[in-house]
Structure formats: C-alpha cells, structure tokens
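Each reported figure results from applying straightforward, stated rules to the coordinates on display, with no laboratory input. Model, not experiment: these values are computed from the prediction. Positions of Cβ are backbone-derived with ideal geometry, glycine not excepted, and every protein chain shown enters the neighbour counts.
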Ligand SMILES: Nc1ncnc2c1ncn2[C@@H]1O[C@H](COP(=O)(O)OP(=O)(O)OP(=O)(O)O)[C@@H](O)[C@H]1O
Ligand SMILES: [Mg+2]
C-alpha cells in the first residue's frame, strides 16, 4: 500500500476565472488542511463546481495559483495532480445496458471501440 498518496494541504491563492463577461471566481483564497473534511456551500451558480474543476485540473483558471502540498499545480494536467473528482453531471451512456457498459469498461466487448 506504499503507493497510496498521502493527504496534502490544498492552497487556493487569489484564483479568478471568467466565462466571457461573467466573473465566476473573483480572487478566491482558501486553505484546506491535509485530511480535513471540507465542503463548499453556496447558491446554484455561485461557482462551487467551477472551483472544484479548477482544483482537479478539468477547468481553467485565469489568475492566481493552486498548490497541492508544496507543488504549484496551476498548470498541470489532471492526471498529474492525483486529485479524484466525481462529476455532478455523470455520463452514464443511457443508450447502453449495465451489462454492455461492464463489457466496455472491462475490455471484453470487441464490438465497441
Ligand atoms: N462551461 C461554461 N461556460 C459558460 N459558463 C459556465 C460554464 N460552466 C459554468 N458556467 C457558469 O458559471 C457559473 C458557476 O457555475 P457552477 O456550475 O460552478 O455553479 P455551482 O455553484 O456548482 O452551481 P450548482 O449548485 O447548480 O451546481 C454559472 O453562472 C454557470 O452558468
Ligand atoms: Mg455544481
């Protein structure tokens, strides 16, 4: 089990982001301790998912920095950040049965490429 990543602090420093003329994140500063149970609360459209995507690397930032542990990950792709994320709008492939999906994920259905 030695390859499991240890919890790290997350530091969000003056992060900003806009979609066109809409400023969604305006100089957000946040420190989350390693192992802390932390929740973003806010009205719909306030930017919770946008900030979470920025931390995981699935969305851009237009200013500021995001640090995980001592590492500045602001410009790292998601697969180099070691952050797990469950998307709010999941992609369940509604046209497929559960059996079909299992086959695709396990690589046992040769008809799906
Ligand atoms: N890809 C995008 N392009 C343009 N605008 C976007 C995009 N993603 C989010 N937005 C806008 O950014 C704002 C923040 O959206 P976000 O999804 O982060 O809110 P939220 O706090 O997670 O809301 P909810 O509680 O409904 O999940 C909203 O005004 C939304 O319309
Ligand atoms: Mg959301």
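Some notes on this structure:
- Label-point gap, in nm, between residue 40 and residue 104 - each point 7 angstrom along Cα→Cβ: 2.8
- Relative contact order of region 10-88: 33 percent, from C-alpha pairs under 8 Å at least 6 residues apart in sequence.
- For peptides 57-70, 8-21, 32-45, 76-89, sequence by mean Cβ density within 10 Å, most packed first: 57-70, 8-21, 76-89, 32-45
- Using the rule -39500 (n - 2.57) for each DSSP H run of four or more residues, divided by the residues of the chain, the 222 nm mean residue ellipticity is -4500 deg cm²/dmol.
- Given their separation in residues at 0.36 nm each and the Cα-Cα distance between them, residue 23 and residue 92 gain 21.8 nm when the chain is fully extended.
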